[in-house]
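**Q** Just dropping this structure here.
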């Protein structure tokens, strides 16, 4: 008999993330931080030679390095020691077909965002995931930061009162020039509608901003008014996004995301204002949260301090003053997913404190993308997303 899943590391497979990739290495590091996973198999590239080289660099068993994700899913299912979960770190157009194959073979799934390239694909994948009863995580990794968890708990407890205004932005500078025409691999696929989908900057980073605002506030979108712009001549997808948001219940929001904003490396920022006060969190300084109670001096909350609540403390590894950030936030998702997988495979309920974005979040993200594209095409008309 094999070792029970509760007594061993989870066997992780990965599709994508081969040589020249960025996010695959991030997933691999995050999976190892809390010693919950061991990477044992991969389909790092559809090119067999690149797949071989990538597998060798990761020191994987050559017999478990594949050039075809479909072959990987079938072969792993037939092994006595198959993977438990697959991480999908490919360009967007492959998310749905890879997830579908692995769900059909009975594997749990961790998938990069956006979930798919169309809402129709997302809905079909959601139905399959629900039918399979497998754990499915969409890696909106900023929800893993301790002070983001604290901010969410503050809002839910009424600490800000009724939410009135949500301001979220995500500016970058890296696509200010046509890197896609200069052989830059990351720029090439992110600006290609066939691989990225209908949104460029919209699908790449605006979805992160939108999800973060929704996660912290608990608000649900009613309508949006979007102006998507392509500033770099010859580029086929948007590189700047400006969106007005009307939330259910009356709160108003604004979202700006740009990849042509010089001076900004990764400028994700969230501000939320209610009847009792406001908060501000900046991803570049993730270990602090500004809290402005109405009529009182502004307060600076730090990660790991006594002021940070239990939701934050649960995902804090080291004392305050020692920075935690991007990799640890990613790791918090991986660790919560591991807890969920162990529970599901043991036939037990998932513990209530487990918190990671699921396939429903992925569907909401795709509804947001399609509504924004539709709105912009109609001259920035107000559009209600289809959350069916």
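To keep it simple, each residue is scored yes or no on (1) under 25 Å from residue 284 (Cα atoms); (2) touching a helix residue (DSSP H, G or I) at 6+ places or on another chain (Cβ under 8 Å); (3) surrounded by fewer than 16 Cβ atoms within 10 Å (Cβ to Cβ).
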| position | (1), (2), (3) |
| --- | --- |
| 318 | yes, no, yes |
| 322 | yes, no, yes |
| 335 | yes, yes, no |
| 346 | no, yes, yes |
| 359 | no, yes, no |
| 372 | no, yes, no |
| 375 | no, no, no |
| 378 | no, no, yes |
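**Q** Does residue 129 meet the test of being within 25 Å of residue 26 (Cβ to Cβ), outside any loop (DSSP other than H, G, I, E, B) and outside the structural domain of residue 207 (by TED's automatic domain parsing)?
**A** yes
**Q** Within the stretch 279-289, can one find any residue that is in contact (Cβ under 8 Å) with a residue 40 or more places away in the chain and farther than 23 Å from residue 330 by Cβ?
**A** Within the stretch 279-289, none of the residues are in contact (Cβ under 8 Å) with a residue 40 or more places away in the chain and farther than 23 Å from residue 330 by Cβ.
**Q** Next up: Does at least one position in the stretch 333-344 carry a residue that is within 29 Å of residue 162 (Cβ to Cβ) and either out of contact with any strand residue (DSSP E or B) (no Cβ under 9 Å at 6 or more places or on another chain) or touching a residue at least 40 places away in the same chain (Cβ under 8 Å) (or both)?
**A** no
**Q** Further question: When you scan the stretch 280-299, how many residues do you find that are touching a strand residue (DSSP E or B) at 6+ places or on another chain (Cβ under 6 Å), surrounded by fewer than 17 Cβ atoms within 10 Å (Cβ to Cβ) and within 18 Å of residue 322 (Cβ to Cβ)?
**A** So the count comes out to 1.
**Q** Here is a check on your reading of the model: is residue 368 within 28 Å of residue 242 (Cα to Cα), in contact with a helix residue (DSSP H, G or I) (Cβ under 9 Å, 6 or more places away or on another chain), in contact (Cβ under 8 Å) with a residue 12 or more places away in the chain and not assigned by TED's automatic domain parsing to the domain that holds residue 221?
**A** Answer is no for this residue.
**Q** Here's something else I'd like to know. Looking at this structure, is residue 379 under 22 Å from residue 210 (Cα atoms), outside the structural domain of residue 118 (by TED's automatic domain parsing) and under 12 Å from the mean Cα position of the chain (by Cα)?
**A** no
**Q** Please specify each residue of the stretch 285-302 satisfying the condition of being assigned to a loop (DSSP other than H, G, I, E, B) and either closer than 17 Å to residue 143 by Cβ or outside the structural domain of residue 214 (by TED's automatic domain parsing) (or both).
**A** Selection gives 286, 287.
**Q** Can you find a residue that is surrounded by 24 or more Cβ atoms within 10 Å (Cβ to Cβ) and over 18 Å from residue 327 (Cβ atoms) anywhere in the stretch 18-34?
**A** Yes, there is a match, as at least one residue in the stretch 18-34 is surrounded by 24 or more Cβ atoms within 10 Å (Cβ to Cβ) and over 18 Å from residue 327 (Cβ atoms).
**Q** Of the conditions (1) more than 27 Å from residue 201 (Cβ to Cβ); (2) part of a loop (DSSP other than H, G, I, E, B), residue 114 clears all except one; give me its number.
**A** Condition (1) is where residue 114 drops out.
The values are calculated or read from the model by the stated rules, or taken from the named source; none is laboratory data. What you are looking at is a predicted structure, and each value in this text was computed from that prediction instead of being measured. With ideal geometry, Cβ positions are generated from the backbone for all residues, glycine too; neighbour counts draw on all protein chains shown.
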